[in-house]
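Below is one structure, written out as structure tokens; comments come after it.
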Amino acid sequence: MGKIAFVFPGQGAQAVGMGKDFYDQYPASRAIIERADAALGFSLSEIIFNGPGDELKQTINTQPALLAVSVAILEALREKNIQPDFTAGHSLGEYSALVASGVIGFEDAVRTVRARGQLMEQAVPGGQGAMAAVLGAEREALTALCQEISASVGPVELANVNCPGQIVVSGSAAGVNEVVSRGKEIGAKRVLPLEVSGPFHSSLMQPAADGLAEVLEGVELQDASVPVLANVTAEQTESAEEIRSLLVQQVVSPVLWEDSVRTMIDRGVDTFIEIGSGTVLAGLIKKIDKSVSTVSVNSVEALEKLGGE
């Protein structure tokens, strides 16, 4: 029997109404959403279930909303007695993984990601940063192009290494625009500018990382009960103090998702259960390795199809 990993989506997976069926049908899920509202002191659930979409899309709302829904679904899934051997999350999703692995309490996690979203929105003035998805290029060639552009035009760096042929770059608007115009030189099939509120996972986010370090100083973290794959290193970690440091680095470092998935597969994982809104991670994992099994638990119907007790 192979090993199981629980994986959690990040920003971009949000949708108005996500998790409402769990809220309605599972008391444990409802309790999580209610705890999120209480921890934040306003009705996050109103934004999650009723929108408007523009309000849910604001980073300061998106981050706690996705966390709350992922953990609400996790609580329902726990009733099946399916245990993970590893947890991992994509960017913001790493906080959901840390809740699942017992590293951070739920209320602390919700408040931390709300602050993280605020710090990320404030780090770079509007219009000065950008991100773009580069499709079809090799990682080494794209890294070299970014280094060349950073030296001459403006900073631009790898932000998300998602799967073979899909890498997101982030940095100054001028630097990202240069990648958009020169991507074909290195074999990119397409380079698509992304609608984002800042240059996430780039060195320009250093003010947000500094602010997050202060926030995390006041948060109690425990060693992980289940190993967590860190975005920054693509290696498993259980140490609370290492995780604290990695969460700060994560804001300015690339999300090594492809590498993280390969690490888990190398360590015996053959089933990935995506917990939260959407199916983004299942799609990426299949592009990394078609042989593994993926399940997206994003609805009560999907949960009921799962095995377990």
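Across region 253-272, which residue is farthest from residue 160 (Cα to Cα) among those that are buried (at least 23 other Cβ atoms within 10 Å of the Cβ) and aliphatic (A, V, I, L, M)? Looking at the filtered set, the residue picked out is 269. Do we find that residue 75 is in the same structural domain as residue 219 (by TED's automatic domain parsing) and either assigned to a loop (DSSP other than H, G, I, E, B) or surrounded by fewer than 24 Cβ atoms within 10 Å (Cβ to Cβ) (or both) in this structure? Spelling it out, residue 75 is indeed in the same structural domain as residue 219 (by TED's automatic domain parsing) and either assigned to a loop (DSSP other than H, G, I, E, B) or surrounded by fewer than 24 Cβ atoms within 10 Å (Cβ to Cβ) (or both). Filtering region 21-56 to residues that are without any contact (Cβ under 8 Å) to a residue 60 or more places away in the chain, surrounded by 19 or more Cβ atoms within 10 Å (Cβ to Cβ) and in contact with a Ser or Thr (Cβ under 9 Å, 6 or more places away or on another chain) leaves 23, 33, 56. Within the option set 159, 68, 88, 115, being surrounded by fewer than 22 Cβ atoms within 10 Å (Cβ to Cβ) and under 16 Å from the mean Cα position of the chain (by Cα) holds for one residue only, 115.
Filtering region 243-300 to residues that are part of a helix (DSSP H, G or I), in contact with a helix residue (DSSP H, G or I) (Cβ under 7 Å, 6 or more places away or on another chain), among the hydrophobic types (A, V, I, L, M, F, W, C) and more than 24 Å from residue 223 (Cα to Cα) leaves 284, 285, 288, 300.
The values are calculated or read from the model by the stated rules, or taken from the named source; none is laboratory data. Note that the coordinates shown come from a computational prediction; the quantities given were computed from them, not determined experimentally. A quick note on method: Cβ atoms are made from the backbone with ideal geometry, for glycine too, and the neighbour counts reach across all protein chains shown.
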